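The values are calculated or read from the model by the stated rules, or taken from the named source; none is laboratory data. Computed from a predicted model, the values in this text were never measured in an experiment. Backbone-built Cβ (ideal geometry, glycine too); neighbour counts: all protein chains shown. Note: areas computed on protein heavy atoms with side chains; ligands, DNA, RNA excluded. Shrake-Rupley method; radii C 1.70, N 1.55, O 1.52, S 1.80 Å.
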Amino acid sequence: MFRITQFMKELHCPRPPGRRREPLGPVVIWNLIRRCNLCCKHCYSISADTDFPGELTTAEVFRVMDDLRAFRVPVLILSGGEPLLRPDIFEIAARAKALGFYVGLSTNGTLIDDRLIGPIAAAGFDYVGISLDGIGATHDAFRRQQGAFDRSLTAARLCRSHGIKVGLRFTLTVDNAHQLPALLRLADAEGIGKFYLSHLNYAGRGNKNRGDDAPFAATRRALDLLFASAWLAVVRGDDKEFVTGNNDADGAYLLKWAGRQFPDRIAHLRAKLVEWGGNASGVHVANIDNRGDVHPDTFWWHYRLGNVRERPFSAIWQDSADPIMAGLKSRPRRIGGRCRTCAHFDICGGNTRVRALQLTGDPWAEDPGCYLTNAEIGIDDEAPRVGVRPYGKGDHAAATA
C-alpha cells in the first residue's frame with residue numbers, strides 16, 4: 001500500500017530521514033469465506049453466491065490467530081468473498097480485538113443495514129473498507145447487481161453515523177476512470193475519511209478481464225488528480241487519507257509530480273520513498289485464504305506456500321526454501337527487463353510480480369503495468385517494451401504518450 005497522504009505531509013512539513021524500519025510481522029489479509037452475494041468483474045478470488053467446501057472452522061481460525069499474534073502480526077484484514085456472510089464473523093472479530101490486533105473489515109457493503117450496523121459497531125472494527133467502482137449504474141455493472149451502489153453508499157453512511165472509521169475502495173479500469181472525480185467529490189460530500197485507489201491486478205476475474213485495465217495515460221491522469229487532492233487536504237489540515245495499491249510505480253510517479261511542484265524538496269522526498277521501499281508481497285504483506293492456504297499476497301491464489309492446518313503460519317512465512325518466497329524476500333530483488341536498470345528501483349522494489357507472471361510466464365520479468373516511460377526511469381532506449389499489457393478498449397498511443 002502506498003500512503004500518499006504520508007508523503008504529502010513530508011512535503012508540507014519535512015521530518016529527518018531515518019533508516020528503513022522493518023515491521024515485526026506481516027499485515028495479514030485473511031479471506032475467511034469465499035462465498036459472496038455479488039459476482040464482480042475484477043474479483044481475484046472468483047467468488048460466487050455458493051458455499052465452498054473445506055473452509056476453516058471457528059476453532060481453526062482461533063488457533064491460527066494465536067500463532068499470528070505470537071509471530072507479532074500487527075494487523076488482520078478480515079475479507080472474503082463477503083466476510084459478513086460468515087456466521088461467526090463477529091465472534092472472530094471479538095477474538096482478534098481481544099488479542100490486540102488492529103482489525104479491518106473488507107466488505108462490499110451491500111449487507112450492511114439498520115439491523116446489522118449495531119453488531120458491526122459493537123465489534124469494534126478499527127476500519128471498514130467499502131468498495132465503490134463508480135457512480136450508480138457504473139458500479140452496479142461492475143458488481144453485476146442492480147441497486148448495489150445505493151446499498152453500499154448506505155453502508156458507508158451507517159458506518160460514519162455510528163462512529164466507525166470508513167473508507168471507499170476504487171479499482172481503476174478503462175470503464176470507470178472517468179468517474180474518479182465524481183467519487184472523490186462524493187467522499188468529500190459524505191465526510192468519508194479515506195480513499196483507496198487500487199490498480200487492476202491480474203488475478204482471478206481480474207486476470208480474465210485484464211484487457212479492461214486502464215491505459216497508461218488514464219492512470220497518470222488519475223494519479224495526478226489523487227495527488228492534488230491529497231496535497232490540498234494536507235494544506236487545509238483535513239483529516240483525510242489517500243492511498244493506492246497494486247502498482248508501486250506510484251512512488252516514482254509521485255517523485256515526478258513533486259518535481260514540478262516542489263523542486264527544492266525532491267531529495268528529501270526521495271529519501272522518504274526509499275525508506276518505504278515499494279512492493280512488500282511475501283515480506284510485509286501476507287494472505288491466508290478460506291481453506292487455510294498461505295500466499296505471498298491476495299493475488300497469488302494460484303500459488304500455495306503451505307497450509308495452516310499442516311504447519312503454523314509462522315513456520316510457513318519464514319521458510320525461504322520456496323523459490324518464490326526466496327525471490328520475494330531477496331534484497332534487492334533480482335528482476336529483469338526495465339526494472340533491472342531502473343533509476344527508481346530502490347523506491348518501488350520491482351513492482352507487482354503477478355502481472356509479470358501472468359503476461360510473460362516469468363515472475364521475475366519487468367512489471368508490464370509500470371506506466372513510466374523509459375526516459376522517466378533513466379533508460380535512453382525507447383524501443384517497444386516486451387510483454388507490455390494488452391489494452392483492450394484502451395488507447396495504446398495515448399497510454400504511451
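The table below lists the values:
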| quantity | calculated |
| --- | --- |
| List 107, 58, ordered by accessible area with a 1.4 Å probe, largest first | 58, 107 |
| 127, 253, 102, 303, reordered so the largest accessible area comes first (probe 1.4 Å) | 102, 303, 127, 253 |
| Total formal charge among the other residues, if their Cβ is under 11 angstrom from that of residue 183, Lys/Arg +1 and Asp/Glu -1 | -1 |
| Cα-only radius of gyration and Dmax that characterise the chain, units Å | 20.3, 60 |
| Residue with peak Gaussian network fluctuation, the chain [Cα springs, cutoff 10 Å], from 51, 250, 126 | 51 |
| Neighbour net charge for residue 193 - beta-carbon separation under 11 angstrom, K R +1, D E -1 | -1 |
| Residue-averaged 222 nm ellipticity for the chain, from DSSP H runs of 4+ at -39500 (n - 2.57), nearest 500 | -11000 deg cm²/dmol |
| Surface accessible to a 1.4 Å probe, residue 310 within the full protein complex, Å² | 130 |
| Mean accessible surface per residue for the chain, computed with a 1.4 Å probe while every protein chain stays in place, in Å² | 41 |
| Cα-Cα P(r), segment 83-188, percent of pairs per 10 Å interval | 15, 46, 29, 10, 0 |
| Share, in percent, of DSSP beta bridges within the chain that are antiparallel, nearest 5 | 20 |
| Lysine-lysine proximity count for the chain, Cα under 13 Å, sequence distance 8 or more or distinct chains | 6 |
| Residue-wise HN-Hα coupling along segment 251-258, computed from phi with Karplus coefficients 6.51, -1.76, 1.60 (Hz; x: Gly, Pro) | x, 5, 5, 4, 4, 5, 4, 5 |
| Within a Gaussian network of the chain (alpha carbon springs, distance under 10 Å), most fluctuating of 53, 296, 17 | 53 |
| Fraction of accessible area attributable to carbon and sulfur, the chain (%, probe 1.4 Å) | 54 |
| nm² value of the averaged projected area, convex hull over the Cα atoms of segment 167-303 | 9.7 |
| Choice from 15, 169, 338 with maximal GNM fluctuation in the chain (Cα, 10 Å cutoff) | 15 |
| Accessible area (Å², 1.4 Å probe, nearest 10) - residue 309 | 100 |
